[in-house]
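Trainee: One structure, as structure tokens, below. Some questions next.
The values are calculated or read from the model by the stated rules, or taken from the named source; none is laboratory data. Since the model is a prediction, treat every value here as computed from it, not as a measurement. No Cβ is skipped: glycine too gets one built from the backbone with ideal geometry, and neighbour counts run over all protein chains shown. Each accessible area value is taken on the protein alone, full model and side chains, heavy atoms only, with ligands, DNA and RNA left out. Shrake-Rupley method; radii C 1.70, N 1.55, O 1.52, S 1.80 Å.
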Amino acid sequence: MDYQKQSIILIALSILIGSIFNSLSDDGIPWVAEPIKIVNNSEDALDFLAEPSIREVEIETAKALHGSGILFVDARAEEYLSDGFIPGAIASDDISMLADQIETKIGFDTGFVIYCSDDDCGSSEELAYHFQDIGFNNILVFRGGWKSWKDAGLEIEYHE
Amino acid sequence: MNRINPTLILLIRFLLGLVFIYASYDKILDPGKFARDIANYHIVPFGLENSIAIFLPWIELLIGFGIILGIFLDGSVFLSGGLLVLFILMIFQAMMRGFNIECGCGLKEGEMVGWSKILENIVFLGASYIIFYSKNRVLEIYPKTPLSE
């Protein structure tokens, strides 16, 4: 086999192994680099810095996030917690105490998930905006909340 | 190149192969950093630095082993020469354009582009040349060294 054929085989092998390794690696990168988006003026730049980064997630994502160990915050009033809650979730009727707890556990920049009783409860969203005003930067609101978690038959924790 | 002692060729192969294997290691583990190093050369368009960063270190690793073990030795050493020419041109154009950037060569952390890097690559290129045109080879696993030539 001449050197040209060998070179082609080596290149093909490298592309193959590199692609497989990249797709399996935690440090994998996309095939094409995305340029950082440009902000054209200082007003937009400041808006961007203050931009709320609240996003909604649904049951499948919430389940996966829970599995990955992200903090869950229960926005329901404490009296409802006797029915059970998402394992590991923290809750309190005293919002500032809840905020302190989150800050102690994960600080302001690590994301967390807030949920309430169901699709329309609204308190998770309200709490998310409140926490954002306080300075928490990355908040996910779990749409469907407690009801969809329970309906999906996922693990539940009860107070002792 | 027939007069060069086969043991010396083997030694050169070992050293050159080692350089490529060593150079590939950090790039394989952190392709994101390597992609940024490539982007700093301002020569690769359309964000393709990522694609290069995904497979180029593996070429280096494969040819490193190929050169040492004598697997596809001709192809490995041909590619090593090609890569070294490419690296020399990349570094040279960056210097001519006045970029004071990290080499991204993978041999020494934080090393900047400069004449010493070009010289280093020329030495490696010379080694590739010697191996490519050497006839008295020993230790070739695949294809096997011909018994009579």
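Trainee: When the residues of the stretch B:79-105 are filtered to those that are of a type in the set (F, W, Y) and outside any loop (DSSP other than H, G, I, E, B), which remaining residue is least open to solvent (accessible area, probe 1.4 Å)?
Mentor: Among those that are of a type in the set (F, W, Y) and outside any loop (DSSP other than H, G, I, E, B), it is B:F87.
Trainee: Would you mind stating whether B:F92 is without any contact (Cβ under 8 Å) to a residue 60 or more places away in the chain and more than 20 Å from B:I21 (Cα to Cα)?
Mentor: yes
Trainee: Can you find even one residue in the stretch A:113-125 that is in contact with a helix residue (DSSP H, G or I) (Cβ under 6 Å, 6 or more places away or on another chain), farther than 21 Å from A:G67 by Cα and assigned to a helix (DSSP H, G or I)?
Mentor: No: the stretch A:113-125 contains no residue that is in contact with a helix residue (DSSP H, G or I) (Cβ under 6 Å, 6 or more places away or on another chain), farther than 21 Å from A:G67 by Cα and assigned to a helix (DSSP H, G or I).
Trainee: Would you point out the residue of the stretch B:25-75, among those that are among the small types (G, A, S) and over 27 Å from B:R97 (Cα atoms), that is nearest to the other protein chains (Cβ to nearest Cβ)?
Mentor: Here the residue is B:G75.
Trainee: Just to verify a result, which residue in the stretch A:50-91, among those that are more than 21 Å from the chain's Cα centre (by Cα) and open to solvent by less than 20 Å² (accessible area, probe 1.4 Å), is modelled with the highest pLDDT?
Mentor: So the residue we want is A:G84.
Trainee: Under 6 Å by Cβ, and 6 or more places apart or on different chains, what pairs join a residue from the stretch B:123-140 that is under 16 Å from B:I63 (Cα atoms) with one that is outside any loop (DSSP other than H, G, I, E, B) and among the charged types (D, E, K, R)?
Mentor: B:I131/B:R13
Trainee: Next question. Select from the stretch A:96-116 the residues that are under 14 Å from A:Y129 (Cα atoms), open to solvent by less than 70 Å² (accessible area, probe 1.4 Å) and either within 13 Å of the chain's Cα centre (by Cα) or free of Cβ contacts under 8 Å to residues at least 12 places away in the same chain (or both) and list them in ascending order.
Mentor: Residues satisfying the conditions are A:G111, A:F112, A:V113, A:I114, A:Y115.
Trainee: Something else now. Take the residues in the stretch A:1-20 that are within 7 Å of another protein chain (Cβ to nearest Cβ) and closer than 24 Å to B:G32 by Cβ, then tell me which one is farthest from the chain's Cα centre (by Cα).
Mentor: This residue is A:I11.
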